[in-house]
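Here's the structure we're looking at; comments come further down.
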Amino acid sequence: MRKYLLKRIFYLFLTLFIVATATFFLMKLMPGTPLQNEAKLTPSEKASILAQYGLDKPVWLQYLIYIGGIFKGSLGLSFQFSDQAVSYLIGSRMGPSMQLGGQAMVVGVIFGIILGAVGAIRKDTWADRLATVVSILGIAVPSFVLAILLQYYLGLKLGWFPVAGWQGFVYSILPTLALAASPLAETARFIRTDMVDVLSSDYIELAKAKGLSKFGIVYHHALRNSLIPMVTLIGPLAAALMTGSMVVENIFSVPGIGEQFVKSILVNDYPTIMGVTIFYSALLCLLLLLTDIVYGIIDPRIRLSGNGD
Amino acid sequence: MADNANNLEIKPGDFEPLDKQAGPDNEKIAAPSLTFGQDVWRRLKANKTAFTSFIVLILLFLMAFGGQAIYHHDPNAQSPKYANLPPKIPGVGIHGLNGHITQSGQDVDAYKQAGAGSDVHYTLGTDYLGRDLLARIMYGTRVSLEIALIATLIDLTIGVGFGILSGWMGGRVDLFMQRIIEILSSIPSLVVMVLMATAFQKTGMASIIAALAIINWTTMARLTRAQTLQLKNQDFILAARTLGESAPKIAWKHLLPNLSSVIIIQTMFTIPNAIFFEAFLSYIGIGISSPQASLGTLISDGQKNFQFLPYQMWYPAIVLIVLMLAFNLLGDGMRDAFDPKSKR
C-alpha cells in the first residue's frame, strides 16, 4: 500500500509539472503584456513595469522562476489587477466556490441516490420512468441554460430567491440548484443501474425469504452495496462541478474562482489563467488520489486484486 | 417381447431407399439467419425510445444540413429595421407565433410597430440585428454538429489506434502509454479546452476541434485497450498469428470488427459531450465568434434579451437540449442492442 501511495504521489507531481510547463509555454506564445496605455509610456517606465512582472528576463529563466515559485505557493502577479498575487486572488475567491461546490455535491448526491433507488425498487413503473426522465434531463440540459431559466423564473418572475449576488445563504440557493442538476443526474443513473443488479442477487433473495421488511432490505442490504462504487464517481462529478461553476458563478455574479477564470480568459490575464489552471488540476488530482485510497479502504476486494494497472 | 423380436422376419423388400430431398426437414431454421448488424438493428427498432431518438436525430440532421434548401433565408443578412421581431407564421393565431408581444401588459403587434408590410414574416422571429432566427438556428446547429462530428472522428482515430497499439504491444510500451493516459485524464478536460481555445486565439472551428480532440480520446483508448487485451489471447487471434498474418492485418481484420460495438457505443456518448463543450466554450465567449454562429453563441445572444423576448433563447436552447437528449437516449438504446445480456 505504501509503495502504491508513493507511486501515486509521484505521478501527481509529474502531472502537475506537465500541466504547469504546458500552460507556461502556451501562455508565452500568446501576445499581450501587462502594459496599459502602452503608447503613452516612456521606455524606462515600460522597462520598470516589465521588470516588476519579471518579463525582462529570458524565457527559460522566467520558466525556472515560475516553477520554483509554485513550490513556494506563488503563482505570479495578475496582469488585470496590478500588484495582486494570483495565489491571493485564488485564495480570496475560494470560499464561495467551495461552498457552492460542496452544497451542490451534497444536494445532487443525496437526491440522486433517492431518485436512483426509487427507480430501481419500483422498476418499470411510472416512478421509475419519472426518475429516468429527471436524470436524463439533468444530463441533457446544460447548466448555463438551467441557470438562466432558474434565475428568470424563480428569481425574477416569482421573486422567491435573490436574482444575483452573494450576501448570505439565500443567495446560494439558486446557483446550488443549477450546479446540482448534473451530479444529481449522474448519481441517479449510476445508483439505478447498480441497484437493479444488486436487487436481483442471491443475498437479497435470502433477505426476502427471511421476511425482512422492504425498507430493511433496501436500506441495509441493497443501498450499502450500491454506495461503494459510488466513490468512483467523485472525480468525474468534481470535474463537472468545476465546469459548471464557471458559467453558473458568472450568471449569478458569485465572486468565485470560476467567475474569475472566465473574466481572466476574456481579458487575456495570462498569469491568472495559468494559476487557476494549475489550481484546478491540483484539486482534481488530489480528489482522484483520495478516491482511490478511500475505495481501497472500504472495498477490500480492490486491495486483493492488486492496485489498478 | 423377446418372442416377437425373434419371430420378426425382415426381408430386403421391407426397405426402400429414401429420397434424399424428401422427408421432414428437422434441421430447417424457420427464420432467416441474421447478420450481427441486422440483429442489432432489429433490437434497436424494438426499443421505442431509442428508435424515436434515431428519427429525431435524422430530422435534426436534415434540418441542419438541408434546411437552407427549403428555407431560403440568409442566416447572416441583417436588417436592423426588423430587429427583435417575435415569431410570426401567417395564418396562426396563437400568441407567441402571431407576431404579437406583450408590452407593459398590452398586446402589441410588433410587426406593425416596426412598420413591416403584411408580406414580412419571420417564422421564429429575428435577433437583435434583425437576422432570421430560424435560419440562424439551422446554421448554428450545422456548425455545432460539424464541430462535434469532426472532433469525434479525430477522437475515434486517435483513441482506437492508441488503445489497440497499447493493448497489443503489452509490456513496457503498454505501461508507458497507460501513464500518458493517466496523466492526461487527471487534467480537467475543461481546463485543456480553455487553454487550447485561448492559445489558438483565432477563435473558430479549428481551435475548438483541436481542443476537443486533444482531451476526449482517453476514454476511447482505455476501452479499446481493455477489449484488445481480452481478445488478443483468444484462439482465433492465435490461429491468425500461427498462419503468419501480419499484426496490422490482424488488427484490421480481426480486432476491429470485434471492437466495433464498444467503439460505436462510446461514440454515441462522445458526440453529445462534444456538442456540450462546444456550446459551453461558445457561451463563455471563447468558441465560435460572429458572424459564425453555433447553438452556444445563439443561446448566449438570446440570453441578453431573455426577459423581454424569451423566444430568442428558448428556441436554440430547445434544439440543443433535444439534440443532447436524442444522442444520449440513442446511445443507451445502442448499448442495450449491442449487448443482449445487459439488463434493462
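The values are calculated or read from the model by the stated rules, or taken from the named source; none is laboratory data. None of the values given here were measured: they were computed from a predicted structure. Cβ coordinates were reconstructed from backbone atoms using ideal geometry, including for glycine residues, and neighbour counts include every protein chain displayed. Heads up: the accessible areas ignore ligands, DNA and RNA and are worked out on the full protein's heavy atoms, side chains in. Shrake-Rupley method; radii C 1.70, N 1.55, O 1.52, S 1.80 Å.
For the residues B:LEU149, B:LEU129, B:LEU145, the requirement of being out of contact with any helix residue (DSSP H, G or I) (no Cβ under 6 Å at 6 or more places or on another chain), part of a helix (DSSP H, G or I) and at pLDDT 70 or above singles out B:LEU149.
I'd like to know if the stretch B:152-167 contains one or more residues that are at positive phi, in a helix (DSSP H, G or I) and surrounded by fewer than 18 Cβ atoms within 10 Å (Cβ to Cβ). Talk me through it step by step, then tell me what you get.
Step one: list which residues in the stretch B:152-167 are at positive phi, which gives none.
Checking the stretch B:152-167: not a single residue is at positive phi, in a helix (DSSP H, G or I) and surrounded by fewer than 18 Cβ atoms within 10 Å (Cβ to Cβ).
The single condition among (1) surrounded by fewer than 20 Cβ atoms within 10 Å (Cβ to Cβ); (2) closer than 26 Å to A:ALA127 by Cα; (3) in contact (Cβ under 8 Å) with a residue 60 or more places away in the chain; (4) among the hydrophobic types (A, V, I, L, M, F, W, C) that A:ALA164 does not satisfy is (2). Right, A:LEU179: surrounded by 24 or more Cβ atoms within 10 Å (Cβ to Cβ), more than 10 Å from every other protein chain (Cβ to nearest Cβ) and closer than 28 Å to A:LEU223 by Cβ or not? The answer is yes for A:LEU179. Take the stretch A:59-68 and flag every residue that is open to solvent by 50 Å² or more (accessible area, probe 1.4 Å) and within 14 Å of A:LEU29 (Cα to Cα). Residues satisfying the conditions are A:VAL59, A:TRP60.
Scanning the stretch A:29-53 for residues that are surrounded by 11 or more Cβ atoms within 10 Å (Cβ to Cβ) and either facing chain B (nearest Cβ under 10 Å) or at pLDDT 80 or above (or both) yields a total of 2. For the stretch B:296-312, the set of residues classified as closer than 15 Å to B:LEU124 by Cα, within 11 Å of chain A (Cβ to nearest Cβ) and assigned to a helix (DSSP H, G or I) consists of B:ILE299, B:GLY302, listed by residue number. Inside the stretch B:329-344, residues that are within 12 Å of another protein chain (Cβ to nearest Cβ), assigned to a helix (DSSP H, G or I) and open to solvent by 10 Å² or more (accessible area, probe 1.4 Å) make up a count of 4. Quick check: anything in the stretch A:58-75 within 25 Å of A:VAL248 (Cα to Cα), among the hydrophobic types (A, V, I, L, M, F, W, C) and either without any contact (Cβ under 8 Å) to a residue 12 or more places away in the chain or outside the structural domain of A:ALA164 (by TED's automatic domain parsing) (or both)? No, that holds for no residue.
Going residue by residue through the stretch B:285-307, is there one that turns out to be aromatic (Phe, Trp, Tyr), touching a residue at least 60 places away in the same chain (Cβ under 8 Å) and on the phi < 0 side of the Ramachandran plot? No; the residues of the stretch B:285-307 include none that is aromatic (Phe, Trp, Tyr), touching a residue at least 60 places away in the same chain (Cβ under 8 Å) and on the phi < 0 side of the Ramachandran plot.
Whether any residue in the stretch B:143-151 is farther than 16 Å from B:ILE271 by Cα and open to solvent by 10 Å² or more (accessible area, probe 1.4 Å) is what I want to check. I'd like the intermediate steps shown before the answer.
So in the stretch B:143-151, the residues farther than 16 Å from B:ILE271 by Cα come out as none.
The answer is no, given that none of the residues of the stretch B:143-151 is farther than 16 Å from B:ILE271 by Cα and open to solvent by 10 Å² or more (accessible area, probe 1.4 Å).
The helices (runs of 4 or more DSSP H) found entirely in the stretch B:183-270 that carry 3 or more residues being away from every other protein chain (no Cβ under 14 Å), among the polar types (S, T, N, Q) and over 20 Å from the mean Cα position of the chain (by Cα) are B:205-232. Look at the stretch B:200-229: where a residue is open to solvent by 60 Å² or more (accessible area, probe 1.4 Å) and a partner is at pLDDT below 80 and not in a helix (DSSP H, G or I), sitting 6+ places away or on another chain with Cβ atoms under 9 Å, you get B:GLN201/A:MET30; B:GLN201/A:PRO31; B:GLN201/A:ASN268; B:ALA206/B:PHE200. Going through (1) open to solvent by 40 Å² or more (accessible area, probe 1.4 Å); (2) at the interface with chain A (Cβ under 8 Å from one of its Cβ atoms); (3) modelled with pLDDT of 85 or more one by one, B:PHE280 falls short only on (1).
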